[in-house]
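Trainee: Following this message is one structure expressed as structure tokens.
The values are calculated or read from the model by the stated rules, or taken from the named source; none is laboratory data. Model, not experiment: these values are computed from the prediction. When we count neighbours, we look across all protein chains shown, and the Cβ atoms used for this are built from the backbone with ideal geometry, even at glycine.
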Amino acid sequence: MIFENIKGVIKTSLIDFPGKIAAVLFVGGCNFRCPYCYNVDVVLTPSQLPTVSQEELFKFFSSRKGWLDGVVVSGGEPTIYPDLPQLLGWIKEFGYAVKLDTNGSDPHMLQSLIDGRLVDYVALDVKAPLDSSRYQVFSQGCDGVEKIRAAAEILMSSNISYEFRTTVVPGLVSREDVLQIAQELRGAQRYYLQQFRPEPRLIDPGLVSVRPYPLEFLYELRKEVSPYFKICKVRA
């Protein structure tokens, strides 16, 4: 049950939901194992983390009416829970816009959320070029690529706001990879190049000592791929 697996809340964020003041919910558990992920406990050992109860969320959402604009549901990976639509519908009852952060591994869930008008904005992480051999590094060898490609197509043919984003990690994602991703997603609304952050704890401890690409490199890369997108930016 997704209501039993909400493991953290950021009460106020000005950066996670474009154009809105938002709260962020972190759902425990994930079907991917991205080496650079810094939500280590949320992904690997969610059962060991305290849960934010539905009653606590009710009090919080009720108290923030008129001040918060939206709620971001992130993780982990929210779409691994079949009752995600119930959570999003419940949030909608408070009058908040909803943004979903997803790895795109469940296009059927994504389509149902769009059809049900349960999401207003979706951020889909594109880890690497949509090639099965490359995606195994992130998706534990599952058949994620075709599903992610389908999820991307759903977003690009929808009437909701969305973004694709790639974390550019030295040794995992190269300039050539980003150029290929840009070709695969050409015509999309928004594409963000995210700078890798070597946090003290990552799923792959070997990446902790990796130095991020210089910002100048990311801005030059943005110039190369921006013609493929309506909006293309760097997130440092």
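Trainee: Could you please give the count of residues in the range 179-209 that are surrounded by 17 or more Cβ atoms within 10 Å (Cβ to Cβ) and in a loop (DSSP other than H, G, I, E, B)?
Mentor: So the count comes out to 5.
Trainee: Only residues that are without any contact (Cβ under 8 Å) to a residue 60 or more places away in the chain and not hydrophobic (A, V, I, L, M, F, W, C): list them for the range 61-80, please.
Mentor: Within the range 61-80, S62, S63, R64, K65, G66, D69, G70, S74, G75, E77, T79 qualify.
Trainee: A further question follows. Tell me which residues, restricted to the range 127-171, are β-branched (V, I, T) and under 14 Å from P35 (Cα atoms).
Mentor: Narrowing the range 127-171 to residues β-branched (V, I, T): 137, 145, 148, 154, 160, 166-169.
V137, T166, T167, V168, V169 - these are the residues of the range 127-171 that are β-branched (V, I, T) and under 14 Å from P35 (Cα atoms).
Every residue, every condition in (1) touching a Gly at 6+ places or on another chain (Cβ under 7 Å); (2) farther than 30 Å from Q111 by Cβ; (3) touching a residue at least 24 places away in the same chain (Cβ under 8 Å), yes or no:
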site: N159; (1), (2), (3): no, no, no
site: E163; (1), (2), (3): no, no, yes
site: E176; (1), (2), (3): no, yes, no
site: L179; (1), (2), (3): no, no, yes
site: Q183; (1), (2), (3): no, no, yes
site: R186; (1), (2), (3): no, no, yes
site: I231; (1), (2), (3): no, no, yes
site: A236; (1), (2), (3): no, yes, yes
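Trainee: Pairs needed: first member in the range 111-126, in contact (Cβ under 8 Å) with a residue 12 or more places away in the chain; second member anywhere, among the polar types (S, T, N, Q) and crowded, with 20+ Cβ neighbours inside 10 Å; C-beta distance under 6 Å; at least 6 residues apart or different chains.
Mentor: Pairs found: L124/T102; D125/N103; V126/T166.
Trainee: Something else now. Pull up the range 137-155, narrow it to residues that are surrounded by 15 or more Cβ atoms within 10 Å (Cβ to Cβ) and modelled with pLDDT under 90, then point me to the one that is farthest from L113 (Cα to Cα).
Mentor: To start, the set of residues in the range 137-155 that are surrounded by 15 or more Cβ atoms within 10 Å (Cβ to Cβ) comprises 137-139, 144-145, 147-152, 154-155.
Pick out the ones that are also modelled with pLDDT under 90 and you get 137-139, 144-145.
Working: V137: 28, F138: 24, S139: 23, G144: 19, V145: 20 Å.
By that ranking, first place goes to V137.
Trainee: Right, something else. Of all residues in the range 53-95, how many are under 21 Å from the mean Cα position of the chain (by Cα), surrounded by fewer than 21 Cβ atoms within 10 Å (Cβ to Cβ) and aromatic (F, W, Y)?
Mentor: 1
Trainee: Would you please name the residue that is surrounded by the most Cβ atoms within 10 Å (Cβ to Cβ), looking only at residues in the range 20-52 that are assigned to a loop (DSSP other than H, G, I, E, B) and out of contact with any helix residue (DSSP H, G or I) (no Cβ under 8 Å at 6 or more places or on another chain)?
Mentor: Pass one, the range 20-52, residues assigned to a loop (DSSP other than H, G, I, E, B): 20-21, 28-39, 45, 49-52.
Among the residues that remain, those that are also out of contact with any helix residue (DSSP H, G or I) (no Cβ under 8 Å at 6 or more places or on another chain) are: 20-21, 38-39, 45, 50, 52.
Numbers: K20: 18, I21: 14, Y38: 16, N39: 21, T45: 12, P50: 7, V52: 18.
Step by step, filter the range 20-52, then rank; the result is N39.
Trainee: Next question. So, V225, is that one over 24 Å from S105 (Cα atoms) and not polar (S, T, N, Q) or not?
Mentor: yes
Trainee: Still on this structure, please answer the following. Report whether or not F17 is in contact with a Gly (Cβ under 8 Å, 6 or more places away or on another chain), surrounded by 14 or more Cβ atoms within 10 Å (Cβ to Cβ) and under 20 Å from Q189 (Cβ atoms).
Mentor: Values: in contact with a Gly (Cβ under 8 Å, 6 or more places away or on another chain): yes; surrounded by 14 or more Cβ atoms within 10 Å (Cβ to Cβ): yes; under 20 Å from Q189 (Cβ atoms): yes.
Yes; evaluated as a whole, the condition is true for this residue.
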